[in-house]
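Just below is one structure, and these are the notes that go with it.
The values are calculated or read from the model by the stated rules, or taken from the named source; none is laboratory data. What you see is a predicted model; the values in this text were computed from it and never measured. A quick note on method: Cβ atoms are made from the backbone with ideal geometry, for glycine too, and the neighbour counts reach across all protein chains shown.
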Amino acid sequence: MWLVNLCGLALIALIVWWFWLYRPPEAASLEELPEIVVDNGTYQPARLRVAADTPVTLRFLRRDESPCAETVIFPGLDLSAALPLGKPVTLQLPPLQPGEYEFHCQMQMYRGVLQAG
Amino acid sequence: MTAAAISARQQTLAVEGAGCASCVSKIEQALAAVPGVERAEMNFADRTVAVSGSAGSEQLIAAIERAGYNARAMADVPDEQALDDKTAADQTYYRRLLVKMAVALGVGVPLMAWGLLGGAMTVTTGGERLAWLAVGLATLGVMAFSGRHFYVGAWRTLANHTANMDTLIALGTGTAWLYSMVVVCLPGYLPEVARHVYFEATAMIIGLVNLGLALELRARGKTSEAIRRLIGLQARTARVLRDGKELDIAIEQVLRGDLVRVRPGEKIPVDGQVSEGRSAVDESMLTGEPMPVEKAAGDEVVAGTLNKSGSIVFRATRVGRDTALARIIAMVRRAQNSKPPIGRLADVIAAYFVPTVMIIAVLSALAWLNFGPQPALAFAIVSATTVLIIACPCALGLATPMSVMVGVGKAAEAGVLIRNGEALQTASKLTAMILDKTGTVTEGAPRVTDVIATGELGEDEIMQLAAGLEAGSEHPLAVAILESAAQRGVSPDRVSGFNALAGRGVEAQLAGRRLLLGNDKLMAERGIDCSARADVARELAAKARTPMYFAVDGTLAAIIAVADPIKADSAAAIRRLRDNGLRVVMLTGDNQATARAVAGQVGITEFYAEVLPEDKAAKVAELQAQGELVGMTGDGINDAPALALANVGFAIGTGTDVAIESADITLMRGSLHGLADAIAVSRATLANIRQNLFGAFIYNIAGIPVAAGVLYPFFGVLLSPVIAGGAMAFSSLTVVSNANRLRLFRPQEQ
């Protein structure tokens, strides 16, 4: 039984590490991946590096039929955009101060981060 | 779509066929060669080109086509087509969800019925193993067909180190299926009492969740009804007059400066100024103002409103995304996606929710394995699965945005534009409301209310002379006199020797007669005795009317009273505000007597007269220092500092020509009922959000422990994963449906 308990506790530790403690590696740059694809409950790429202090153009392509995916919100920038299914949408962001800017769907289940630097 | 504006200054074209970076300079050069083009810059990333200058879009498109590419003008007008596409896509998704549900329930329901009717759900004999293996494979088919999106989504989010509802469903149903397959394939490794299969749970949960998603999709469609209605107001074509011809063109092609003809019964396609014709225009769809507004040469018309009676020609002043309608739609959309502070706690919880539920599921399984009765393993699997399935992050996540979406849309329908969620929430909590008198409580346009003849001249003759005298003046009171004369059908005579006496009045000569119009000070200066009529003047002042004395040849001929009339419904609207528990305060630059009279007529007991514009903000601060949460209502221009300082600034517009970006909340119509509506709708929305959040919290807080089995030691009750699946699917549907109740909200005008 102790082995089962140990496995259970290890599983909990894994959950904590995987979702909360893990630090992602370097984000993809906007030049490498110019389009953010919304599909299967995720933004791909979910971490994107952009230049600070210059206007940024992001291109979203929604492939996910779920209505959850239909709006992307940048709460820190007071910006949002409707994402029609299968049609690329270009979003102009103002020049960003260096730092991290989250973007997500209305319910925050789809999540991504812009790293301005 | 890219920010794109069609105007005489800048327009954006979408370019097709540009496959390489070298195309950029080719296209830019082709455009630069077009006469009237000042600058052309192509954005290769989104294949658009921004062109400055006076060249028409047709010329630009032709130039791009000559260069070997295709192009089309883009106007960021609200796109009905995009909405139709969305509806069609949602319909397709809805049908697919229903098919997936039908397949899953087609397998799950017979299995569940079998179990409920006493059929064996255990594996003891070789025959049962084979039969359950077939069922297991059929369930795998259900998972692959009906539940694929959950598993793919779960895998992708896991790889991204995030988790969502898909993760919980995939883990829950996957665990149940895997355990059941172990029972079927390797029964010898499990104690006999634990050889129970849960294929029906997997199939039923997938079916129910798909059903929930389908119903939620339907309900969500209704939450965007308001924006759909606003977009529907946009005309698709316009009839423009170019080179002496009338052309029916797409709305995107209308340029600033175009002359546009609108016939009775047609929608005004873009914003403009009437140059010909006369008509009544129904603006109720934008302002909430029920009465049609008369339009004649010089008047503004607004896109989306309905031309009722006559044919008019107007010059387009704002087109594309610059029209008031487009800006309203953009603002409503932005506000619908913003969150009031009340939703922040739910957001924080949502971010930690799914991993926490996974940990609870593991702990629950461990508890059953360590302390549970036999078959402990089966109990552990059931409880872990049920915990994973019953938890609903969606209900929490949807609680705030759905209500905001419906509430902000509902407000827009009533002509109330709310800038963002924070303004919505603060408006619901206001304790005091400051009203600027002129233009807010009153019309803001003085009118002649009384002409009291004191000599031999008749009223019309008095007005004819007074109008002649005031024809050269630009004072607001002069405008009132000229309008009054025009209404009486008398035309002003031409005067000579006009002289404006600052702060006192005006004088002039007409056919040898000396005309003098002004206040009591001017009369006293010129030795004209008005004392016999002092009681009349006092009476007028008490009714909030400003008396002016009119003398001819040194003798008092009349007292003309001018007043800024109180809006017909101000008193009723102010009563609504007071009934809502708000402390209503009026500020005015007018004198004490006028302020008292106006306040008395509209039922305001607290007012401050002779307040200079710059002191209005100080008054807001004073009330805030008293602990009040202060709303300030003004015209948005003169009251800007006070509006900015107030907890919520309300800009009250007359018609639609208002700076809709300038205040926290913009009231499209001039009536103060809009203000009472704004307060009512914000309170209703916040109440709705609270209900949703409460329901979502309680559901999860109560549901998860019950699923884990906390009731089992006391009552022997353990929730079935199938019931958990149903509850989860319908919890988010409940939240969306409750938000939709706000659609039925009707502000109570008295």
Out of B:P269, B:P290, I need the residue that is in a loop (DSSP other than H, G, I, E, B) and crowded, with 23+ Cβ neighbours inside 10 Å. Which one?
B:P269
Please verify whether the range B:68-77 includes one or more residues that are within 14 Å of chain A (Cβ to nearest Cβ), touching a strand residue (DSSP E or B) at 6+ places or on another chain (Cβ under 6 Å) and closer than 18 Å to B:N210 by Cα.
no
Filter result (of a type in the set (S, T, Y) and buried (at least 24 other Cβ atoms within 10 Å of the Cβ)) within the range B:314-331:
B:T323
Just one listed residue, out of B:A219, B:A203, B:A176, is surrounded by fewer than 24 Cβ atoms within 10 Å (Cβ to Cβ) and either farther than 21 Å from B:S383 by Cβ or in contact with a helix residue (DSSP H, G or I) (Cβ under 7 Å, 6 or more places away or on another chain) (or both), and it is B:A219
Could you count how many residues in the range B:708-750 are over 25 Å from B:A214 (Cα atoms) and assigned to a helix (DSSP H, G or I)?
5
What is the number of the single condition among (1) within 30 Å of B:D84 (Cβ to Cβ); (2) buried (at least 22 other Cβ atoms within 10 Å of the Cβ); (3) modelled with pLDDT of 90 or more that B:G153 does not meet?
(3)
So which of B:L111, B:L83, B:L117 is away from chain A (no Cβ under 13 Å) and in contact (Cβ under 8 Å) with a residue 60 or more places away in the chain?
B:L111
Residues in the range B:302-323 that are modelled with pLDDT of 85 or more and either closer than 19 Å to B:T666 by Cα or within 14 Å of another protein chain (Cβ to nearest Cβ) (or both): how many?
5
Set B:A399, B:A432: member being surrounded by 24 or more Cβ atoms within 10 Å (Cβ to Cβ) and either under 30 Å from B:L744 (Cβ atoms) or modelled with pLDDT under 90 (or both):
B:A399
So, first residue modelled with pLDDT of 85 or more in the range A:72-96, second residue crowded, with 19+ Cβ neighbours inside 10 Å and among the acidic types (D, E), Cβ within less than 7 Å, six or more apart or across chains; the pairs are A:A82/A:E70; A:L83/A:E70; A:L85/A:E65
Of everything in the range B:538-554 that's among the small types (G, A, S) and buried (at least 21 other Cβ atoms within 10 Å of the Cβ), which residue is farthest from the chain's Cα centre (by Cα)?
B:A551
Exclusive hit being over 50 Å from the mean Cα position of the chain (by Cα) and in contact (Cβ under 8 Å) with a residue 24 or more places away in the chain, set B:V182, B:V142, B:V135
B:V135
Could you tell me whether any residue of the range B:156-172 is more than 36 Å from the chain's Cα centre (by Cα), away from chain A (no Cβ under 11 Å) and not hydrophobic (A, V, I, L, M, F, W, C)?
yes
Looking at B:V354, B:V274, can you tell me which residue is farther than 30 Å from B:S224 by Cα and at pLDDT 85 or above?
B:V274
Name the residues in the range B:218-254 that are of a type in the set (S, T, N, Q) and within 24 Å of the chain's Cα centre (by Cα), would you?
B:T223, B:S224, B:Q234
Selection count, the range A:15-33, where residues are within 10 Å of another protein chain (Cβ to nearest Cβ) and surrounded by 14 or more Cβ atoms within 10 Å (Cβ to Cβ):
5
Please count how many residues of the range B:303-332 are among the aliphatic types (A, V, I, L, M) and part of a helix (DSSP H, G or I).
8
Counting only residues that are assigned to a helix (DSSP H, G or I), more than 14 Å from chain A (Cβ to nearest Cβ) and in contact with a Leu (Cβ under 8 Å, 6 or more places away or on another chain), the range B:399-437 contains a total of 10
Complete set of residues in the range B:159-173 that are crowded, with 19+ Cβ neighbours inside 10 Å, in a helix (DSSP H, G or I) and out of contact with any Gly (no Cβ under 9 Å at 6 or more places or on another chain):
B:L168, B:L171
Unique residue being without any contact (Cβ under 8 Å) to a residue 24 or more places away in the chain and touching a helix residue (DSSP H, G or I) at 6+ places or on another chain (Cβ under 8 Å) when the list is B:R419, B:R494, B:R504
B:R504
B:A365 meets each of (1) under 30 Å from the mean Cα position of the chain (by Cα); (2) buried (at least 24 other Cβ atoms within 10 Å of the Cβ); (3) closer than 30 Å to B:L178 by Cβ with one exception, condition (1)
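Residue-by-condition table, conditions (1) hydroxyl-bearing (S, T, Y); (2) in contact with a strand residue (DSSP E or B) (Cβ under 8 Å, 6 or more places away or on another chain); (3) surrounded by fewer than 19 Cβ atoms within 10 Å (Cβ to Cβ); (4) under 17 Å from B:G304 (Cα atoms):
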site	(1), (2), (3), (4)
B:L211	no, no, no, no
B:R228	no, no, yes, yes
B:A238	no, yes, no, yes
B:G257	no, yes, yes, no
B:V262	no, yes, no, yes
Within the range A:106-117, which residues are part of a loop (DSSP other than H, G, I, E, B) and either within 11 Å of A:Y43 (Cβ to Cβ) or within 10 Å of another protein chain (Cβ to nearest Cβ) (or both)?
A:Q106, A:M107, A:Q108, A:M109, A:Y110
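Residues checked against (1) closer than 20 Å to B:A201 by Cβ; (2) small (G, A, S); (3) out of contact with any helix residue (DSSP H, G or I) (no Cβ under 9 Å at 6 or more places or on another chain); (4) surrounded by fewer than 15 Cβ atoms within 10 Å (Cβ to Cβ):
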{"residue": "B:V706", "(1), (2), (3), (4)": "yes, no, no, no"}
{"residue": "B:G709", "(1), (2), (3), (4)": "yes, yes, no, no"}
{"residue": "B:F715", "(1), (2), (3), (4)": "no, no, yes, yes"}
{"residue": "B:L719", "(1), (2), (3), (4)": "yes, no, no, no"}
{"residue": "B:G726", "(1), (2), (3), (4)": "yes, yes, no, no"}
{"residue": "B:A729", "(1), (2), (3), (4)": "yes, yes, no, no"}
{"residue": "B:S737", "(1), (2), (3), (4)": "no, yes, no, no"}
{"residue": "B:N740", "(1), (2), (3), (4)": "no, no, no, no"}
Can you work out which of the residues in the range B:438-489 that are in a loop (DSSP other than H, G, I, E, B) and more than 47 Å from the chain's Cα centre (by Cα) is farthest from B:A532 (Cα to Cα)?
B:G458
In a helix (DSSP H, G or I), more than 9 Å from every other protein chain (Cβ to nearest Cβ), touching a Lys or Arg at 6+ places or on another chain (Cβ under 8 Å) and under 28 Å from B:F697 (Cα atoms): does that describe B:A335?
yes
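Quick grid of which residues meet (1) farther than 19 Å from A:K87 by Cβ; (2) of a type in the set (V, I, T); (3) at pLDDT below 85:
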residue: B:I64; (1), (2), (3): yes, yes, no
residue: B:G68; (1), (2), (3): yes, no, yes
residue: B:D76; (1), (2), (3): no, no, yes
residue: B:E80; (1), (2), (3): no, no, yes
residue: B:L97; (1), (2), (3): yes, no, no
residue: B:A102; (1), (2), (3): yes, no, no
residue: B:L105; (1), (2), (3): yes, no, no
residue: B:L111; (1), (2), (3): yes, no, no
